1. Just order 194-204, 144-154 by mean Cβ neighbour count inside 10 Å, highest at the front, would you?
2. What number of lysine-lysine pairs in the chain show an alpha-carbon separation below 22 angstrom, given a sequence spacing of 8 or more or placement on distinct chains?
3. Counting only other residues whose beta carbon sits under 14 Å from that of GLY235, what net charge do I get with K and R as +1, D and E as -1?
4. Please compute the volume of the convex hull spanned by the alpha-carbon atoms of the stretch 75-139 and report it per residue in Å³.
5. What is the mean projected area of the alpha carbon convex hull for the stretch 3-100, to one decimal in square nanometres?
6. Would you mind computing Rg(Cα) / (2.2 N^0.38 Å) for the stretch 191-269, counting N as its residues?
7. Extent of the stretch 223-263 along each principal axis, from alpha carbon coordinates, in Å, largest to smallest?
8. Let me know the shape class of the stretch 140-248, please: from the alpha-carbon gyration tensor, a ≥ b ≥ c as square roots of the eigenvalues, rounded when a/c is under 1.5, otherwise prolate if a/b is greater than b/c, or oblate.
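No lab work stands behind these numbers, since they all come straight from the coordinates. What you see is a predicted model, and the numbers here were worked out from it, not measured in a lab. In this analysis, Cβ positions are derived from the backbone assuming ideal geometry, glycine residues included, and neighbour counts consider all displayed protein chains.
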Amino acid sequence: MPATLLATKRVEKVWGRHRLFPGFPDPAPDAEPIGEVWFQSPHPEEPDMLVKYLFTSEKLSVQDHPSDEEAQKRGLPRGKDECWLVLDAQPNSTIAIGPKAPMTADELRASALDGSIEDKLHWQKVKAGDFIYSHSGVIHAIGAGLTIIEVQQNSDTTYRLYDYGRPRELHLDDGVAVADLNPYVAPPMPGEVAPGRTILVEGPKFVLERWGGGDRDIALPEGRIGWLVPIRGEGVVGGVAWKAGECVTVEGAERLHASADADMLFGYTGTTRIG
């Protein structure tokens with residue numbers, strides 16, 4: 001099919017919320033908090049990409065993810081590079097991204113066990129509109145009070161290093177083995193390449209663009225799938241109507257009709273932009 005409106009999967013998390021974000025119904029007051037909403041294709045194990053919304057009321061665990069190479073050593077199909085676009089943030093919200101100083105594997109393990117890892121990470125304040133790319137191996141933790149769109153490789157493999165005393169399993173052997181032990185260095189962001197078209201990520205695992213409103217042509221090579229994630233506005237592509245808070249996959253050549261106020265992400269696998 002040239003365009004498919006994806007189903008949503010609501011995921012309960014201890015760090016989730018009962019007040020979500022415009023366009024997403026809140027869970028009942030006596031229900032478990034919702035931390036994530038996933039957009040799933042008819043065959044969720046097949047696509048190379050996954051798009052989620054995150055809603056946080058507490059810090060997420062300190063964690064990392066394997067690269068493709070490390071994942072395949074463990075019998076997994078792929079690793080996990082990911083990126084985050086902050087849609088809403090409380091005044092003091094933060095994200096930890098990498099250690100403040102280089103660490104050894106032994107230091108990482110010891111600090112994860114005694115809890116001092118939290119103070120050894122670089123916690124940066126974030127606000128609505130901020131964008132961070134986190135490659136596989138980066139030690140990170142998303143803070144409280146955030147609404148985020150996460151675009152990632154289609155993997156749910158997370159190695160939890162520290163969880164603030166919550167009674168959840170840690171994965172220290174794998175987490176230490178795949179960790180990038182050096183301070184985080186942000187990759188270059190290509191930026192605006194045409195009016196209403198900004199490249200946020202260009203490889204190595206996927207390309208992510210941000211588009212303004214109005215109509216445009218989408219032309220994807222055969223076998224490639226694009227992920228349209230409307231942040232604001234509404235429109236139609238390939239005969240499928242969409243609005244903010246939804247996600248549509250697109251194949252082939254299609255005309256995108258978007259309201260003038262639309263703000264959209266468009267992602268696809270590969271190392272270079274299309275068009």
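1. Working: 194-204: 14.8, 144-154: 20.5.
Top of the packing list down: 144-154, 194-204.
2. Step by step, the pairs that qualify in the chain add up to 22.
3. Neighbour charge sum, excluding GLY235 itself: -3.
4. Numbers: hull volume 7.6 nm³, N = 65.
For the stretch 75-139, the hull spanned by Cα atoms encloses 117 Å³ per residue.
5. Working: hull surface 34.9 nm².
Directional mean of the projected Cα hull area for the stretch 3-100 stands at 8.7 nm².
6. Details: Rg = 11.6 Å, N = 79, 2.2 N^0.38 = 11.6 Å.
Normalised Cα radius of gyration, the stretch 191-269: 1.00.
7. 30, 16, 13
8. Details: a/c = 2.25, a/b = 1.88, b/c = 1.20.
Prolate shape, in that a/c is at least 1.5 and a/b is the bigger ratio.
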